[in-house]
Structure formats: C-alpha cells, structure tokens
Amino acid sequence: MEGPRSPAESEFPQVINFLNSSLREGAEWSISNEYPTALTSNNIHNIRIITDEERIVSHAVLKPLIVKSPHVIFKVGAIGSVVTDPSHRNQGLSTTILNSCLKEAAQQQCDVAVLWTNLYDFYRRLGFELAGTEMSFTFEAPLNVPAGDLRFSDENRVSPEAIHRLYSTHTVGSVRGAEDIRKFMGIPKTLVYTAWEKDGSLAAYAIEGKGADLGGYIHEWAGGTSKVLALLSWIQSRRQGPLTLISPRHCRNMVTQLTGKGAMVNEGFLGMIKILNFDQLTAKLKRAFRAEGVADIVFERTAGGVLFGVGSELFTLQEEGDVCRLIFGPLDIQELDMFSEAARARLAKVLPLPLWLWGWDSV
Ligand SMILES: CC(C)(COP(=O)(O)OP(=O)(O)OC[C@H]1O[C@@H](n2cnc3c(N)ncnc32)[C@H](O)[C@@H]1OP(=O)(O)O)[C@@H](O)C(=O)NCCC(=O)NCCS
C-alpha cells in the first residue's frame, strides 16, 4: 500500500476513472465535469490517493476557497469525493486520507474544513460537526409573481461575465472569477434560468441541478429579490413537481418574502465543519468584534476547553463541535442564558458569522 499522496500528472486519468467507476456508475458524463475546479489537474496537489499494487484504492480531494463575508474573509477547505474501493474498506484508508487532506488544508491556512455528507458519525470521529445554517423553501402552490417588464430564458448560453457581476453583489460567498462561472455553467445537468430587463441587462439568475445532485433545487441565484421571485414564478409555471430554493439565512428579504408566500420552510446546516486553525480564526473574530466596538471579547483555548465570553462574563465550552456551532450557528446567542442581556447583545453583533457557500462550490 502506498500513500496518501498526490497523484502524478500522468496518473490523473486513472484517478478520474477510479472516481467514475466508484461514484458515477452509469452516468453519461465524467465526474471531472461535475467538479471542474476541484477535479482538475490544476488542483492535483490537493488530491490525495492511496494505491495498492499501482491500483488506486482510496481518494479524497481538497478545494481551498476564499470566502468573503461582511466581517471576515475566511479560507475554507472544501473536501469531497471521499471514497475507498469496497475491497479495501474498514482498514482506516479514508480516515488516513482525510487526515492528510486536513493537514494540507491547515498548512494552506484554511480556517475551517467543510464537507457535505450523511455519514455524520464517521466524520464526527474526525472532529467535524454539523454547523452553519441553510434554509430551503419548497413551493407547491403557484407563486404568481407578476413578470412586469422582465423577459425570461432557460438558454444556457449566457455571458459568464453577466452572471459573475450579479454573483459579486452577494455579501457572502466564495471569491470567483468569470472563468470559474464559465466552467460551472458547463456542468452536466445544470440549468441556467435568467431574467432580463428591457434594456438587455441581466436582472436575476437561478441555477438548478449539478451533475448527479441538486435536481429540483435552485442552489444558486442572485439579483434583486423581486426579480428572483418573478424568475422563480416563471420556472415554476413551466415545470411539474415541486421546486425548492436553497438560501442562506442572512438573505433576510428573500427569507421573509418566501415565508410570506406560504413556502414550506426547512432549516438545516451548511454542512459538517471542522475548525483547523483555531488561533487564526479567533484572531479574525476578535478583529470583527473590535470593528463593532467590542474590545473585550474572550476566545481562548484552556486545559478544560475553550473559554468564551465578553468582559468578565466568561464560560467554558467543552466540545469542539459546540465551538463550531457557536461561531457559525445554529447556536442562538439569545438563548445563552448564562450571559446577561447586555452581554448577549454585544456577542450578537458578530455571532454567528454568516459563513456560506453557494451550490456550485460544493465538492
Ligand atoms: C465511507 C467510506 C469512504 C469509508 O472508507 P473506509 O476506507 O472504509 O474508511 P475507514 O476504514 O477509515 O473507516 C470506516 C470504518 O472503519 C473503521 N476503521 C477505521 N480504521 C480502522 C482500522 N485500522 N481497522 C479496522 N477498522 C477501522 C472506522 O471506525 C469506521 O467505522 P464505521 O463503519 O463505524 O464508521 C467508504 O465506505 C466508501 O467509499 N463509501 C462509498 C462512498 C461514500 O459514501 N463516500 C462518502 C461520501 S461523503
């Protein structure tokens, strides 16, 4: 057995073959088209494999992302395509490979690692916890939002620059170039819906589907809320079956409007998160608090856990997962009744930090 290590350039096709046969059997496309910025030879130094007699038997990929938010610029290590050949399972290979990815992410100054899975217990053993927030809205009854002057299209050949311009108006999201958007638009089973103003400018877009995942889900969207709603209404009028929109909780206007329209609301987690560079992350947090006029925030590792609080109101968090859920949600500061009302108000100025990744960034 050899590894974990990065594949050589010449092994890249073999890596993709291994992933296609183990994760995408029967698909009409290659998994590398689904994750064009992660499963690419440009990211080969962040791919990890284990081989047995020159055959790949285990794999995971790390995709570091810069995520901007109003208070903090994060570096996030997204991890995906975690798989071990059935003949080599339960020997610790994925655990070893994931630890190698986490080490690499920490060395590249990632504040946290994020992954999307339903194997909660497997990842909890590696220190991940369900954290952050995500809201999804399913509407079955017609939205009936008037189109006004907007013209709608489901034509995929939209300028990536126009999408990028609207994407960049989001307050929270990964830093992307128009070239990244162009690659994402080519993902199999990705539908690009757009709303256009009379003058030909892009008013809103909504993206549904992503390879084997997210069919029936609008996982990316941007534009003024009323324009996105008009676009959703148009998409809904042309299809059968329910449509679901995924939204970060901090998009208050969208959340309020959709709730008001009787959508079925589901509150979930952003994903499973693990803090990688505690000191770096808490230094960013403290800076964010200082910018809000709160200079006496405490976030320190101690023998018993993490000492957290403001001024003289301090409390120890024992579980690593609780620290994550406090920083990124869903833990509600207002429910922390060990703090005075005044302390809670000060903590809530920054916490929870609105960490968010739009659908195309998931790996
Ligand atoms: C999930 C998956 C990646 C795990 O791969 P793996 O190489 O078997 O993982 P590990 O051996 O590190 O850990 C698996 C189990 O073996 C146990 N284990 C770990 N090291 C071990 C060792 N040295 N000896 C025996 N067992 C061990 C772990 O405790 C774990 O137990 P669990 O089944 O209760 O969770 C693999 O089953 C797989 O490829 N599944 C299909 C694809 C998939 O679902 N991927 C996850 C996407 S997020």
- Message: Can you give me the accessible area per residue for region 2-110, using a 1.4 Å probe, in Å²?
- Response: 44
- Query: Does region 135-268 come out rounded, prolate or oblate, given a ≥ b ≥ c as the square roots of the eigenvalues of its C-alpha gyration tensor, rounded meaning a/c under 1.5 and, failing that, prolate meaning a/b above b/c?
  - Reply: rounded
- Query: Where the accessible area of region 135-268 is counted over protein heavy atoms with a 1.4 Å probe, how much of it, in %, is carbon and sulfur?
  - Reply: 48
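Under 8 Å for C-alpha pairs, at least 6 residues apart: give me the relative contact order for region 1-152, rounded to a whole percent.
The value is 19 percent.
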- Using Cα pairs closer than 8 Å and at least 6 residues apart in sequence, work out the relative contact order for region 1-81, in percent. 29
- Message: For the chain, place one equal point scatterer on every Cα, skip the solvent, and apply the Debye formula. What is log10 of I(q)/I(0) at q = 0.08, 0.11, 0.12 Å⁻¹?
- Response: -0.44, -0.83, -0.97
- Item | Range in the chain, longest, excluding exposed chymotrypsin sites (Phe, Trp or Tyr not before Pro) [loop by DSSP; at most 15 other beta-carbon atoms within 10 Å] | 117-363
- Message: Given an 8 Å cut-off on Cα distances and at least 6 residues of separation, report the relative contact order of the chain as a percent.
- Response: 19
- Specify the residue with the greatest mean-square fluctuation among GLY92, GLY127, GLY77, computed from a Gaussian network of the chain linking alpha-carbon atoms under 10 Å apart. GLY92
- Query: Along region 224-234, what does the Karplus equation 6.51 cos²θ - 1.76 cosθ + 1.60 (θ = phi - 60°) give for ³J(HN,Hα), rounded to whole Hz, x for Gly and Pro?
  - Reply: x, 4, 5, 6, 5, 5, 5, 5, 4, 4, 5
- Query: Which semi-axes, in whole Å and largest first, does the equivalent ellipsoid of region 273-347 have when worked out from the alpha carbon gyration tensor as the square roots of 5 times its eigenvalues?
  - Reply: 18, 15, 12
- Log entry: pair-distance distribution for region 200-352, C-alpha pairs binned every 10 Å from zero, whole % per bin is 9, 31, 25, 21, 13, 2, 0
- Message: 5 Å is the cut-off here: which amide hydrogens, built 1.01 Å from N in the peptide plane, fall below it relative to GLY271, excluding neighbours closer than 5 in sequence?
- Response: ALA131
- Note on the structure: Phi angles of region 193-201, converted by Karplus (6.51 cos²θ - 1.76 cosθ + 1.60, θ = phi - 60°) into ³J(HN,Hα) in whole Hz with x for Gly and Pro, give 9, 9, 10, 10, 6, 4, 7, x, 8
- Item | Choice from ARG239, ARG24, ARG176 showing the highest fluctuation, given a GNM over the chain with Cα pairs closer than 10 Å | ARG239
- Note on the structure: Rounded to whole Å², per residue accessible area for region 135-268 with a 1.4 Å probe reads 47
- Message: Students often forget the sequence filter, so: which lysines lie under 17 Å Cα-Cα from LYS284 once same-chain residues fewer than 8 apart are removed?
- Response: LYS68, LYS75, LYS274, LYS349
- Task: Pull up the cross-link candidates among the aspartates and glutamates for LYS198, meaning alpha carbon to alpha carbon under 15 Å and not fewer than 8 places away within one chain.
- Result: ASP149
- Query: For the pair TRP116 and ALA8, what calculated FRET efficiency results from E = 1/(1 + (r/R0)^6), where r is the Cβ-Cβ distance and R0 = 35 Å, to the nearest 0.05?
  - Reply: 0.80
- Message: Of all beta bridges DSSP finds with both residues in the chain, what is the antiparallel percent, to the nearest 5?
- Response: 95
- By the C-alpha gyration tensor axes a ≥ b ≥ c (rounded if a/c is under 1.5, else prolate when a/b exceeds b/c, else oblate), the shape of region 19-71 is oblate
- Over region 273-347, with every protein chain in place, what whole percent of the accessible area is carbon and sulfur at 1.4 Å, could you tell me? 45
- Task: Once you've got the GNM for the chain with C-alpha springs shorter than 10 Å, pick whichever of ASN99, ASN118, ASN43 has the biggest mean-square fluctuation.
- Result: ASN118
- Item | For ASP296, residues with placed amide H under 5 Å, excluding near neighbours | GLY311
- Message: Please compute one quarter of the surface area of the Cα convex hull for region 2-110 and express it in square nanometres.
- Response: 7.6
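The values are calculated or read from the model by the stated rules, or taken from the named source; none is laboratory data. Keep in mind it's a predicted model, so treat the numbers as computed, not measured. Here the Cβ is made from the backbone with ideal geometry for all residues, glycine too, and neighbour counts use every protein chain on show. For accessibility, only protein heavy atoms count, side chains too; no ligands or nucleic acids. Shrake-Rupley method; radii C 1.70, N 1.55, O 1.52, S 1.80 Å.
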